[in-house]
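The values are calculated or read from the model by the stated rules, or taken from the named source; none is laboratory data. Source: prediction; values computed, not measured. Neighbour counts run over all protein chains shown; Cβ positions are idealised from the backbone, glycine included. The accessibility values were calculated without ligands, DNA or RNA, using every heavy atom of the protein model including side chains. Shrake-Rupley method; radii C 1.70, N 1.55, O 1.52, S 1.80 Å.
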Amino acid sequence: KDPHRPLHLSYDIDAIDPALAPATGTTVRGGLTYREAHYIAEAVALSGNLASADIVELNPTLSDAEGASATVDLGLQIVTSMMGKSII
């Protein structure tokens, strides 16, 4: 258990409640809240060990324009949280 071991975060955006991220193939009613979604990314950033990351299951073609835009914007915000930006 090396505390300096590099981490890869594969972030499935479909884990977030579809009210926030509707443009995904497998929506999860009652999924992560906005704060919970960011907390995961922020906690990984705080570890200082994040070496790589991806956001998966984001598909703008599976929603209307508003839902697609909201999901993509949230995905970009999650990436900034992975890089160390805190929403609080």
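Quick notes on this structure:
- Taking the C-alpha atoms only, the angle from helix 65-82 to the longest principal axis of the chain is near 10 degrees.
- Charge-dipole axis of the chain as Lys and Arg at +1 and Asp and Glu at -1 on Cβ define it, positive-most pick from THR26, LEU76, LEU62: LEU76
- Accessible surface ranking that places the most exposed of ARG29, ARG35, ARG5 first, with a 1.4 angstrom probe: ARG29, ARG5, ARG35
- Charged-residue dipole, Cβ positions (Lys, Arg, Asp, Glu), the stretch 27-66 about Cα centre, Debye nearest 20: 160 debye
- Taking the Cα centre of the chain as origin and assigning +1 to Lys and Arg Cβ atoms and -1 to Asp and Glu Cβ atoms, the resulting dipole is close to 340 debye.
- Å² per residue, accessible surface of the chain at 1.4 Å: 62 Å²
- MRE, 222 nm, helices only [DSSP H, n ≥ 4, -39500 (n - 2.57), over the chain, to nearest 500]: -12000 deg cm²/dmol
- Amide hydrogen neighbours beyond the local backbone of TYR11, cut-off 5 Å, H modeled: ASP54, ILE55, VAL56
- Using θ = phi - 60° and Karplus 6.51 cos²θ - 1.76 cosθ + 1.60, couplings along the stretch 3-11 (whole Hz; Gly, Pro as x): x, 9, 5, x, 10, 10, 10, 9, 9
- P(r) tail, the stretch 33-76: Cα-Cα pairs separated by more than 16 Å, 48% of all pairs.
- (i) 71; (ii) 58; (iii) 46, with the label sought being that of the calculated percent of Cα pairs over 17 Å apart: (iii)
- For the chain, the longest principal axis of the alpha carbon atoms and the long axis of helix 34-47 meet at an angle near 20°.
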